[in-house]
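To start, the structure under review is shown below, and the notes come after it.
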Amino acid sequence: MAALQPFRILIADDNVHMRKILTAILRSAGAEMIRETGDGAEAFSALAQFPADLALVDFNMAPLDGVAFTRLVRNSAESPNTFLPIIMMTGHAERRRVHEARDAGVNEFVVKPLTARSVMARIEAVVMKPRPFIRTNDYFGPCRRRVTRPDYAGPWRRAEDQHYVNLD
């Protein structure tokens with residue numbers, strides 16, 4: 001299978017065993033260009049020499065966690081690719097964590113323990129069905145709304161809203 005062969009994939013996880021498992025999953029799908037890093041700071045630095053097409057990052061790392069990494073990628077003047085698809089991984093899927101990752105600008109979220117199916121489903125989502133990026137006063141990243149409800153009558157209707165800026 002060569003589905004991921006053309007992609008440069010960055011992995012950031014402080015657990016070496018999880019990085020090896022994830023690398024094995026990606027290689028089984030054809031990925032050849034994979035860069036492993038142990039935390040968000042190392043991953044952000046790696047982007048300067050390794051122009052990743054996709055990043056898979058752990059939520060909980062030190063000294064720079066996945067949320068801080070995502071904010072750097074999305075908002076830093078030094079970011080080489082503010083539109084980088086980012087998939088957040090975590091063993092803790094509390095609503096608070098999911099919302100924190102979403103509000104930082106991640107594209108997708110996957111819960112550990114990882115399966116090949118769950119990883120590939122998130123990769124397929126960011127590659128085949130990417131959400132448009134938006135910029136507001138306090139957010140830059142993929143649109144956080146997943147559905148458009150035609151019967152919604154309240155404010156903030158995305159494209160109809162004067163504050164909405166679709167960057168696609």
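The values are calculated or read from the model by the stated rules, or taken from the named source; none is laboratory data. All values reported here derive from a predicted model rather than from experimental measurement. As a convention, Cβ positions derive from the backbone with ideal geometry for all residues, glycine included, and neighbour counts pool all protein chains shown. For accessibility, only protein heavy atoms count, side chains too; no ligands or nucleic acids. Shrake-Rupley method; radii C 1.70, N 1.55, O 1.52, S 1.80 Å.
The distance between label points at residue 115 and residue 81 comes to 2.9 nm (points 7 Å beyond Cα on the Cα→Cβ vector).
Near the amide H of residue 37, within less than 5 Å, lie the amide hydrogens of 11, 12, 13, all on another chain or at least 5 residues away, with H placed in the peptide plane.
Does segment 64-125 classify as rounded, prolate or oblate by the C-alpha gyration tensor (a ≥ b ≥ c root eigenvalues; a/c under 1.5 gives rounded; else a/b over b/c gives prolate, otherwise oblate)? Could the numbers behind the result be given before it?
Values: a/c = 2.39, a/b = 1.47, b/c = 1.62.
It is oblate, given that a/c is not under 1.5 and a/b is not larger than b/c.
With all protein chains kept in place, the per residue accessible area of segment 32-144 amounts to 48 square angstrom at a probe of 1.4 angstrom.
In this rough spin-label picture, where each label sits 7 Å from Cα along the Cβ direction, the residue 50-residue 144 distance is 3.0 nm. Once backbone amide H atoms are built at 1.01 Å from N, residue 133 has 143, 167, 168 as its partners under 5 Å, excluding neighbours fewer than 5 places away on the same chain. Taking square-rooted eigenvalues a ≥ b ≥ c of the alpha carbon gyration tensor, is segment 1-41 rounded, prolate or oblate, where a/c under 1.5 means rounded and, failing that, a/b exceeding b/c means prolate? Verdict is oblate for segment 1-41. Remark: segment 100-112, residue by residue, has Karplus-estimated 3J(HN,Hα) of 4, 5, 4, 6, 7, x, 6, 8, 9, 9, 9, 9, 7 Hz, where x stands for each Gly or Pro and the curve is 6.51 cos²θ - 1.76 cosθ + 1.60 at θ = phi - 60°.
Residues 17, 92, 99, ordered by accessible area of protein heavy atoms at a 1.4 angstrom probe radius and largest first, appear as 17, 92, 99.
Remark: accessible surface ordering of 145, 131, 8 (largest first) is 145, 8, 131, probe radius 1.4 Å.
The portion of the accessible surface of the chain made up by carbon and sulfur, rounded to a whole percent, is 53 (1.4 Å probe; DNA, RNA and ligands excluded). Across segment 67-79, rounded Karplus estimates of 3J(HN,Hα) from the backbone phi angles (6.51 cos²θ - 1.76 cosθ + 1.60, θ = phi - 60°) give 5, 5, 4, 4, 4, 4, 4, 6, 10, 6, 5, 8, 5 Hz, Gly and Pro being marked x. Taking the C-alpha atoms only, the angle from helix 16-28 to the longest principal axis of the chain is near 80 degrees.
Take every DSSP beta bridge with both residues inside the chain and express the antiparallel ones as a percent of the total, to the nearest 5. Here the antiparallel bridges make up roughly 20 percent for the chain.
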